[in-house]
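Computed from the coordinates by the stated procedures, all read-outs in this text should not be read as laboratory data. What you see is a predicted model; the values in this text were computed from it and never measured. Heads up, the Cβs are rebuilt from the backbone with ideal geometry, glycines too, and the neighbour counts pull from every protein chain shown.
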Amino acid sequence: MSTPLGDRVDGAVQVGGVNVLPIHVAAVLLSHPGVAAATVRLMRPSEGIRLKAFVVAEDPFGNQVVLRAELEALAAVELAIAEQPRASTFGPVLPAGDMGKATDWQITQVVD
């Protein structure tokens, strides 16, 4: 099976000229005990040029402000600058379409 020109087999994306694996970034976020699920992808061009994350909290009634701050601190220690998500969205389930396939989402907060 051939791969169309430009598609990457390894799943890496370019952020600021650096190869980044969104699956690795999601794994770091998932290492936090307060995270039940996470996915990471590039922002849409209209949103910016960095990564964004969607997080499902282990405790849906917990303090998302605290969890967001803890995840930002974790990312700052565990991830390179290009790997750190600059926008995060919290929700009850990962975004998916009618067929259950992962979909994009609107960002709700951008970190400066």
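Listed values, structure above:
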quantity	calculated
Computed label-point distance, nm, for sites Glu58 and Ser31 using a 7 Å Cα→Cβ extension	1.5
Sparse-neighbour loop sites [chymotrypsin sites (Phe, Trp or Tyr not before Pro); the stretch 44-93; at most 15 other C-beta within 10 Å; DSSP]	Phe61
The chain: antiparallel DSSP beta bridges as a percent of all, rounded to 5	75
FRET efficiency estimate (nearest 0.05) - Cβ-Cβ, Glu47 to Glu70, R0 25 angstrom	0.60
Nearest-ten-degree value, helix 64-78 long axis tilted from longest Cα axis of the chain	50
Inter-label distance for Leu94 and His24, nm, one decimal - labels placed 7 Å from Cα along Cα-to-Cβ	1.9
10 Å binning of all Cα-Cα separations within the stretch 13-90, expressed as whole percents from 0 upward	20, 55, 22, 2
Calculated [θ] (222 nm, deg cm²/dmol) that DSSP helices of n ≥ 4 give over the chain, each run adding -39,500 (n - 2.57)	-6500 deg cm²/dmol
Per-residue Cβ neighbour rank within 10 angstrom, fewest leading, Ser46, Ser88	Ser46, Ser88
Residues Asp104, Asp98 arranged by fewest to most Cβ contacts within 10 Å	Asp98, Asp104
Assigned charges on the beta-carbon of Lys, Arg, Asp, Glu; the chain dipole about Cα centre (debye)	260
Dipole of the stretch 13-90, positive end: most advanced residue of Leu79, Pro60, Asn19 [Cβ charges, Cα centre]	Asn19
